[in-house]
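I have placed the structure first, in the form of C-alpha cells, so that the comments after it can refer back to it.
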Amino acid sequence: MADRPNFLFIITDQHRGDHLSCTGHPVLKTPHIDSIAAQGTKFDRFYVATPVCQPNRSTLVTGRMPSLHGVRSNGIPLDMRASTFVEGMRVNGYSTALVGKSHIQNMTGLPAMHTRPDTKDGYTSLRDKMPEAFQADTEGDYDQEHPDRWKSGEPYDLDLPFYGFEHVDLCTEHSDHVGGQYYTWFKEKRPDADDLRNRDNQFDHDYVAPQAYRTSIPEEFYPTSYIKEKTLKYIDGHVAKDNDQPFFLMASFPDPHHPFTPPGKYWDMYKPEDMELPASFDYGNVEPPPHVKWAREMRVSGKAVIDSQSAYAVYKQEVLESRALTCGMIAMIDDAVGEILVKLDEAGLSDNTIVVFTADHGDFLGDHGLMLKGPAHFEGVTRVPFIWSEPGAEAKSTDTLASTVDIAQTILDRARIEPYNGIQGRSLVNAIKGDTDPEAVDSVIVEDDQQRVYFGYTKPPRIRSLITDTYRLTVSAGETWGELYDLKADPDEMNNLFDDPGHAAIRAELFERLSFRQMELVDTSPMPTMRA
C-alpha cells in the first residue's frame with residue numbers, strides 16, 4: 001500500500017460505542033460497518049475529548065483539546081485561523097472533501113444562553129472596543145452554517161477551503177430537519193419538501209417516546225441518502241480526474257442523533273419489545289448522584305424539558321422505543337456505508353484506501369434513567385466507536401486508551417505529514433498495527449464546559465473527568481460532590497466511591513494524576529522566537 005493512501009473517514013452523530021453488532025449489540029445488525037472492523041483494528045476504550053458536538057468536532061479537526069482551540073461549548077465557532085489536519089493534508093497534495101455534517105460553526109441562529117453580566121454602575125465598558133482576551137477574527141465568514149444561508153431553499157456556495165476542506169456538501173441540524181446544502185437539494189428534488197418536513201404531517205404511530213416522529217420524508221430524500229449520494233458522486237469524480245492525487249473524504253451523518261425519525265422501512269425495522277433496558281436504568285435502593293437525582297425529580301414533577309437538546313429523565317417504554325428507533329437510524333447508515341464501500345471497490349480504490357469509522361459522542365439511551373446527553377460523564381455518552389481499517393489487515397481489538405484528540409495525529413502520521421506545533425494527542429499507528437506502543441497513555445481526559453445552567457447546577461457546569469484502565473474520576477468546579485467508579489468491578493457505574501473511606505487513597509492518587517495530565521495538556525503554541 002502507498003505511503004500516501006486515500007482516507008474515507010465516516011463519522012456519525014450521537015452514536016454510542018456499544019451500538020454496532022461488531023461491538024456487542026445483542027439485536028442491531030450492522031454488517032457493512034462490521035466489514036470495516038473485519039479488516040481493521042477496533043478500539044474498545046475510545047473516548048471523546050468532550051461529550052458535546054461542536055467542541056468535540058473542533059478537537060477532531062485540530063487535534064487540540066477544547067480548552068485550547070477555544071470551542072469550549074456549543075455556540076462558539078472554531079476560529080478560522082486555527083490549524084486543522086485537513087488543511088495540513090490539503091497543502092501537502094491531498095484532495096479534501098466533507099460530505100454531510102460539519103458543526104464547527106454555529107448552525108441554529110439561537111441566542112447564547114451564557115452571556116456577560118451587565119456593566120457595573122459608574123464603569124466604562126470595553127465590550128464594544130475590546131471585548132475579548134484576544135481580538136476576534138473579523139476576516140473570516142463565520143455564518144456559513146447559519147440557517148439564513150439556506151432557508152430560502154436557493155443554492156448557495158461556501159467560502160472554500162472550509163477549515164481545509166476544498167469540496168463541501170453541507171448538512172446542518174439533525175434527523176428530518178436537516179438544513180444546509182442538503183435542504184436546497186431536497187427542495188430541488190421535491191417542491192413539497194417543506195410539507196414533508198412538517199411534523200404535523202408525520203405518519204400515524206403509537207410511540208410515546210419524546211421526540212419520536214414518523215417522518216413522511218421518503219427514504220431516498222432523507223439526509224442519510226443525500227450523504228450517500230454525494231459521497232458516491234465525489235468518488236466517481238475523483239476517478240474521472242484520472243490522476244494520482246490522494247484524497248481525504250469525510251462522510252458525516254447527522255443520525256442517529258435525536259429527534260428519532262428513521263424513515264420508511266427503518267421506522268419499525270427494530271421493535272421496542274426486542275430491546276433491553278440498561279442495567280443501570282433503575283438505581284433501586286442506591287442513592288443516585290446529585291445530577292441524576294435532579295433529572296428524575298424534574299421529570300416526576302412535570303417540570304422537565306423533553307422537547308429540546310437538554311437531557312432528561314425517561315420512563316421504561318420511552319427507553320425501549322428510543323432504542324429501537326436509534327437502531328433503525330443506524331441500520332440506514334449501515335446500508336449507506338455498504339453502498340459506499342462497494343463504490344470504492346468498483347472504482348479500484350479499495351486497495352489504497354484507509355477506512356475509519358467513529359462518532360462525535362454518545363447518548364444515555366436510558367442509562368441511569370436518562371436520555372440524550374448532558375453534563376454527566378457516563379460511558380454511554382463518553383465512549384464511542386473507533387475502527388481503523390487498512391486494506392488486507394486482519395481483524396483485531398485493542399483496549400488501549402485513546403481519544404478523539406488522537407485522530408488528527410494518527411491520520412497525519414499515516415499520511416507521513418509532520419504535524420504542526422501545538423497539536424495534541426498521539427499517533428495510534430502502533431496500536432493499530434498491534435505493535436508495542438511506546439506512546440501509550442495511562443489515562444485520558446474529558447473536558448466539559450457548558451452554556452446551560454441545568455442538571456442541578458447553579459452555574460454553567462465546568463467538569464473534568466480522568467479515565468484510567470480501571471477508574472473514572474469526575475469533578476465539577478464549585479461542587480463538593482464528585483464521582484469515582486471502578487469500571488472493571490462496576491461497568492454500569494452504579495456504585496459511586498467518591499466519599500467511600502476505603503477508596504480515599506485511590507481518590508487522592510487519581511486527583512494527582514488528573515493534575516499531571518492537565519499540565520501535559522498545557523498549550524505549546526506558539527513556539528518561542530528567541531531565548532528572551
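The values are calculated or read from the model by the stated rules, or taken from the named source; none is laboratory data. Nothing here was measured: the structure is a model prediction, and the numbers come from that model. All Cβ positions, glycine included, derive from the backbone under ideal geometry; neighbour counts span all protein chains shown. SASA here: full protein model, heavy atoms, side chains in, ligands and nucleic acids out. Shrake-Rupley method; radii C 1.70, N 1.55, O 1.52, S 1.80 Å.
When only DSSP loop residues count, what GluC sites (Glu not before Pro) in segment 117-154 have their Cβ near at most 11 other Cβ atoms within 10 Å? Could you put the intermediate results ahead of the total?
Working: sites: GLU132, GLU139, GLU145; in loops: GLU132, GLU139, GLU145.
Here the sparse-neighbourhood loop sites are GLU132, GLU139.
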Could you tell me what percent of the accessible area of segment 477-532 is made up of carbon and sulfur, with a 1.4 Å probe and every protein chain present? 57 percent
For GLU479, placing the label point 7 angstrom along Cα-to-beta-carbon and taking segment 500-532, residues whose amide nitrogen sits under 19 Å are 500, 507-508, 510-512, 514-515
Using only DSSP helix segments of four residues or longer, with each worth -39500 (n - 2.57), what per-residue ellipticity at 222 nm results for the chain after dividing by its residue count and rounding to 500? -7500 deg cm²/dmol
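What net charge do the residues around LEU158 carry, taking every other residue with its C-beta under 10 Å from that of LEU158, with Lys and Arg at +1 and Asp and Glu at -1?
On the way: positive: ARG149; negative: ASP141, GLU145, ASP157, ASP159, ASP169.
Residues near LEU158 contribute -4 overall.
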At a threshold of 8 angstrom on Cα-Cα distance, excluding pairs fewer than six apart, so keeping six or more, what relative contact order does segment 444-491 reach in percent? 27 percent
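Using 1/(1 + (r/R0)^6) with R0 = 25 angstrom and r between the beta carbons of ASP159 and VAL239, what's the FRET efficiency to the nearest 0.05? Show your work: numbers first, answer last.
Working: r = 27 Å, r/R0 = 1.09.
That pair, ASP159 with VAL239, gives E of 0.35.
If you average the sequence gap of Cα pairs under 8 Å that are 6 or more apart and divide by the length of the chain, what percent do you get for the contact order?
Values: 1078 pairs, mean separation 133.1, N = 532.
Value for the chain: 25 percent.
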Can you tell me the length gained on complete extension of the stretch MET130 to ARG531, counting 0.36 nm per residue apart and subtracting the Cα distance? 141.3 nm
Modelled label-to-label distance, THR470 and ASP442, 7 Å Cα→beta-carbon offset: nm? 1.1 nm
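Ranked highest first by average number of other Cβ atoms within 10 Å, how do 221-232, 485-496, 30-41, 290-301 line up?
Working: 221-232: 23.5, 485-496: 15.5, 30-41: 20.2, 290-301: 17.6.
Result, highest mean Cβ count within 10 Å first: 221-232, 30-41, 290-301, 485-496.
Could you give me D for segment 371-449, from Stokes-Einstein at 37 °C and 0.692 mPa s, where the hydrodynamic radius is the Kirkwood radius over C-alpha pairs? Units µm² s⁻¹, please. Could you put the intermediate results ahead of the total?
Values: Rh = 14.4 Å.
So the translational diffusion coefficient is about 228 µm²/s.
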What distance in nm lies between label points placed 7 Å from Cα along the C-beta direction at VAL208 and GLU297? 2.5 nm
Using the per-residue mean of other Cβ atoms lying within 10 Å as a proxy for protection, in what order, highest first, do the peptides 402-409, 208-215, 15-22 fall? 402-409, 15-22, 208-215
How high is the FRET efficiency between ASN285 and LYS488 when r is their beta carbon distance and R₀ equals 22 Å, given to the nearest 0.05? 0.40
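Just to verify a number: FRET efficiency for THR458 and TYR142, C-beta to C-beta distance, R0 = 22 Å, to 0.05? Provide the component values of the computation, followed by the final result.
Values: r = 31 Å, r/R0 = 1.42.
It comes out at approximately 0.10.
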Out of these labelled values of volume of the Cα convex hull per residue in Å³, [x] 171; [y] 181; [z] 150, which was calculated from the coordinates shown here? [y]
Just tell me, in residue order, which DSSP H segments of the chain are both 20 angstrom or longer along the helix axis (alpha-carbon based) and at least -1.0 in mean Kyte-Doolittle hydropathy. 223-241, 316-346, 504-520
Using a 1.4 angstrom probe with every protein chain in place, what is the largest-first accessible-area order of MET80, MET269? MET269, MET80
Taking Cα pairs closer than 8 Å and at least 6 residues apart, the relative contact order of segment 197-274 in percent is 40 percent
Measuring from label point to label point, each 7 Å out along Cα→Cβ, what is the LYS433 to GLU219 span in nm? 4.3 nm
About the Cα centre of the chain, what is the dipole size in debye to 20, counting +1 per Lys and Arg Cβ and -1 per Asp and Glu Cβ, all else neutral? 880 debye
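Please report, as a whole percent, how much of the solvent-accessible surface of segment 240-290 comes from carbon and sulfur atoms (probe radius 1.4 Å).
Details: 1010 of 2290 Å².
Carbon and sulfur together cover 44 percent of it.
Listed highest first by mean packing, meaning other Cβ atoms within 10 Å per residue, what order do 430-437, 446-453 come in?
Final packing ranking: 446-453, 430-437.
Averaged per residue, what accessible surface does the chain expose to a 1.4 Å probe, in Å²?
On the way: 22810 Å² over 532 residues.
Here the residues of the chain average 43 Å² of exposed surface.
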